[in-house]
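Quick note: the coordinates plus some simple rules give every number you see, no bench work behind them. Everything numeric here is computed off the predicted structure, so don't read it as measured data. FYI the Cβ positions are ideal-geometry reconstructions off the backbone, even for glycines, and counts take in every protein chain you see.
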Protein chains: 2
Amino acid sequence: MHEILVGAKILKKNDEIAAANREAFSGLGLFSINLISSPGSGKTTLIERTVERIGKACRLAVIEGDLQTELDKERVERCGVPATQITTGRSCHLDAHMVSHTIEWLRGLKPLELLIIENVGNMVCPAEYDLGEDMKVAVMSVTEGDDKPLKYPAIFHASSALVINKTDLTPYTDFNIERARENALAVNPALKIFETSCTTGEGLGDWCDFLTGQTGRA
Amino acid sequence: MHEILVGAKILKKNDEIAAANREAFSGLGLFSINLISSPGSGKTTLIERTVERIGKACRLAVIEGDLQTELDKERVERCGVPATQITTGRSCHLDAHMVSHTIEWLRGLKPLELLIIENVGNMVCPAEYDLGEDMKVAVMSVTEGDDKPLKYPAIFHASSALVINKTDLTPYTDFNIERARENALAVNPALKIFETSCTTGEGLGDWCDFLTGQTGRA
């Protein structure tokens, strides 16, 4: 119980900082997404492929979250897009305070249209921490179980879109995409679902059109 | 800072309960492992294959941890082994208190030789919560990045063994097993590493021999 009360207090403080971040993002005129998944679902590669497709037409920036290392920031920068890294140390999620430290950096980059925040690889805690983003997007890969939406409902409930990634590997797994869709929609009927492969390029067009549409460029 | 102090207090209390669990496990004469990975690395399937191979020769029980559902408990029970489910609700990890509630159930099953605890799918927080187990075992699959040990070092540091799973999928990914081994050993040179495929059976013999060896049956 003590843990829950302390948790509520931390989340309330987080929500206040998130509201300030949201106002700052809005002032910069950008649309922001918070990408959440377990480690290894392919978030960073999805960002790389997204940046390659729309990075020239759409001014974007990327915030990378990891416990340690700047490996992901370096990967994104190699695609020619500005990126910054938040290393969280022992924390299993980004929080609004950490993200608030990037706002001056974002102001230096303006004009921006799209901000992609890649959260720490974790399907649980990031769902509870508002960062000030416009939209949470859940990512899962076909090498995970298709029952994940039932076992980790919070993130599917909190997200507006779901990317089912690595579809090229489907033939080698017992993952059933239809069942995954049904499970995800049972948790959140409003989810917009994309099926992508960063290896074959399948579905990346729809995903990128969706993102640029959100920035008002469609 | 407040969050860190509260966290330290929670972890201290957890360690006290974990010590009591460890004494109870020891009194039951069983060897216990705490399996930790991100969602979708194949922990539950690894448990199913392990139970099929050694469940007749070695008396074992399984504790399943998930946020929601009893799906995993039911999967393990179908393999003919007693299992119980801890559903954690919003908590992203098992803790010693939750596990303490299973001890009466374990006493009713004795004699037992091996207890497998499958933690909630999360590569971060479970590393910090001692459950009273004899050994933490990290699991990662080849569909995750081979840089995971560098990005999530705590769990690789806290574990005595690492299972690199789904090796049958290696040809379809850019996962480099040698690099994964090097990265894992850079974090923890004492890690005992297994390479397994629950589809082809590769490496399961070594893994099962290791487990039964720990129970003194080798």
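What residues qualify as long-range amide H neighbours of A:Lys136, i.e. H under 5 Å apart, gap of 5 or more or another chain, H built at 1.01 Å from N?
A:Asn34, A:Ser160
Treat the count of other C-beta atoms within 10 Å as a stand-in for reagent exposure and order B:Asp168, A:Asp146 from fewest to most.
B:Asp168, A:Asp146
Given springs between every Cα pair under 10 Å in a Gaussian network model of chain B, which of B:Pro189, B:Pro82, B:Pro126 has the largest fluctuation?
B:Pro189
Among all the aspartates and glutamates, which ones have a C-alpha under 16 Å from A:Lys9's C-alpha, if same-chain residues fewer than 8 places away are not counted?
Correct list for A:Lys9: A:Asp95, A:Glu128, A:Asp130, B:Glu3.
Can you tell which of A:Arg49, A:Arg78, A:Arg90 shows the greatest fluctuation in a Gaussian network model of chain A with Cα springs below 10 Å?
Its mean-square fluctuation being the largest, the pick is A:Arg90.
Neighbour counts of other C-beta atoms within 10 Å: give me B:Met135, B:Met140 arranged from fewest to most.
Exposure proxy ranking, most exposed first: B:Met135, B:Met140.
Would any residue of region B:58-92 have its amide N under 20 Å from a label point 7 Å out along Cα→Cβ of B:Lys110? List them or say none.
Counting backbone N atoms under 20 Å from the label point, the list is B:58-63, B:82-84.
Where both residues lie in chain A, what percent of DSSP beta bridges are antiparallel, nearest 5?
Taking every DSSP beta bridge with both residues in chain A, the antiparallel ones total about 0 percent.
Order these by the 10 Å Cβ neighbour count, fewest first: A:Glu195, A:Glu144.
Values: A:Glu195 19, A:Glu144 30.
So the ranking, lowest neighbour count to highest, is A:Glu195, A:Glu144.
Highest GNM mean-square fluctuation, chain B, Cα pairs closer than 10 Å: which of B:Asp130, B:Asp66, B:Asp206?
B:Asp206
I need to check one value: relative contact order of chain A, counting alpha carbon pairs closer than 8 Å and at least 6 residues apart, in percent.
Relative contact order for chain A comes out at 24 percent.
Could you list, bin by bin from short to long, the percent of Cα-Cα pairs of the protein assembly as shown in 10 Å steps?
Once binned at 10 Å, the Cα pair distances of the protein assembly as shown give 4, 22, 32, 25, 12, 4, 1.
Can you pull out the GluC sites (Glu not before Pro) in region A:41-89 whose DSSP state is coil and whose Cβ has at most 15 other Cβ atoms within 10 Å?
For GluC sites (Glu not before Pro) across region A:41-89 that sit outside H, G, I, E and B with at most 15 neighbouring Cβ atoms in 10 Å, the list reads A:Glu70.
Hey, which of these cross-link pairs are over 32 Å Cα-Cα: A:Lys151/B:Lys148; A:Lys43/B:Lys13; A:Lys151/B:Lys166?
Working: A:Lys151/B:Lys148 23 Å; A:Lys43/B:Lys13 36 Å; A:Lys151/B:Lys166 21 Å.
Checking Cα-Cα distances, A:Lys43/B:Lys13 exceed 32 Å.
Name the lysines eligible as straight-distance cross-link partners of A:Lys56: C-alpha to C-alpha under 18 Å, and not fewer than 8 places from it in the same chain.
In chain and number order, the partners are A:Lys110.
Could you list the square roots of 5 times each eigenvalue of the Cα gyration tensor of region A:164-207, that is, the equivalent ellipsoid semi-axes, sorted largest first and rounded to whole Å?
Value: 19, 15, 5 Å, ordered largest first.
Over the alpha carbons of chain B, what is the largest minus smallest coordinate on each principal axis, giving the biggest first in Å?
Sorted largest first, the three principal extents are 50, 45, 32 Å.
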